[in-house]
Amino acid sequence: MSPVRVGRSWSTPAPTIPPTSTRCWRRRATSGWCCTRTTHGDHTDAFDTMRERTGAPARAVTDRFCADAMPLTDGEELEVDGLRLVVLLTPGHTRDSACLRLADEATVLTGDTVLGRGTTVVAHPDGQLGPYLDSLAQLRQLVEEGCADRILPGHGPVVDDPGAVLDHYLDHREERLDQVRAAVAAGHDTPRAVVEHVYADVDPILWDAAELSVRAQLEYLQQS
């Protein structure tokens, strides 16, 4: 069998490649292809090393992480050794985020679009809130259609109640947008001023990161 490496396969820098991958190489196993679902470093730092050691074709939404294969396209069906996966382009966390839906069972691999714990960061400028909300709505529709009874995230445990988790994600975004709207209405007219108002109970050491999220929220509100 030719295993498929998805997302977190690149997630560890080259000196500490995951033990599962090392065992495959020692047994001279081959990879049918490798797939990257976001270009953040925790998913791509070991890209070159994985390519060198497996020789497998690599696919992603962006050309940068494709090798001997074309970029992924929305709705495309991938197959290797009988495993069928449907590509879902889900921009928002990054412009090139993608999910993979198992064609023969109600399971979706979500990468960083939906996590096993907490909520996903949408950080300006690569993160865009409008597309992210659309992507969450797309995944929620899959739940309604019976195509997503389980989520396998890129971080954290398996999600066995995806409907509730997606509803929480959507509610959380709306609550945060309401807070940002209120801050702007109260005269906090710069991203940093909004951060200091909305995130007043958060350690200031985290404010720089929060500002990237606020910039994405402000951009969304300006475009709405």
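What the table below lists for this structure:
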{"item": "Percentage of interatomic Cα-Cα distances in segment 155-224 larger than 21 Å", "result": "34 percent"}
{"item": "Percent carbon-and-sulfur accessible area, segment 46-93, ignoring ligands, DNA and RNA, probe 1.4 Å", "result": "46 percent"}
{"item": "Table column - 3J(HN,Hα) (Hz), segment 148-163, Karplus curve with 6.51, -1.76, 1.60, x for Gly and Pro", "result": "8, 8, 8, 10, 10, x, x, 9, x, x, 4, 9, 9, 10, x, x"}
{"item": "Ranking by accessible area, most exposed first, for Glu175, Glu219 with a 1.4 Å probe", "result": "Glu175, Glu219"}
{"item": "For peptides 122-132, 47-57, 183-193, 199-209, sequence by mean Cβ density within 10 Å, most packed first", "result": "122-132, 47-57, 183-193, 199-209"}
{"item": "Computed accessible area, Glu144, all protein chains, 1.4 angstrom probe, square angstrom", "result": "120 Å²"}
{"item": "Residue-normalised accessible area of segment 66-224, given per residue in Å² at a 1.4 Å probe", "result": "48 Å²"}
{"item": "Fraction of antiparallel bridges per DSSP, segment 67-224 only, in percent to nearest 5", "result": "75 percent"}
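The values are calculated or read from the model by the stated rules, or taken from the named source; none is laboratory data. A quick note: this is a predicted structure, and the numbers were derived from the prediction, not measured. For neighbour counting, all protein chains shown are included, and Cβ atoms are generated from backbone atoms with ideal geometry for every residue, glycine included. For accessibility, only protein heavy atoms count, side chains too; no ligands or nucleic acids. Shrake-Rupley method; radii C 1.70, N 1.55, O 1.52, S 1.80 Å.
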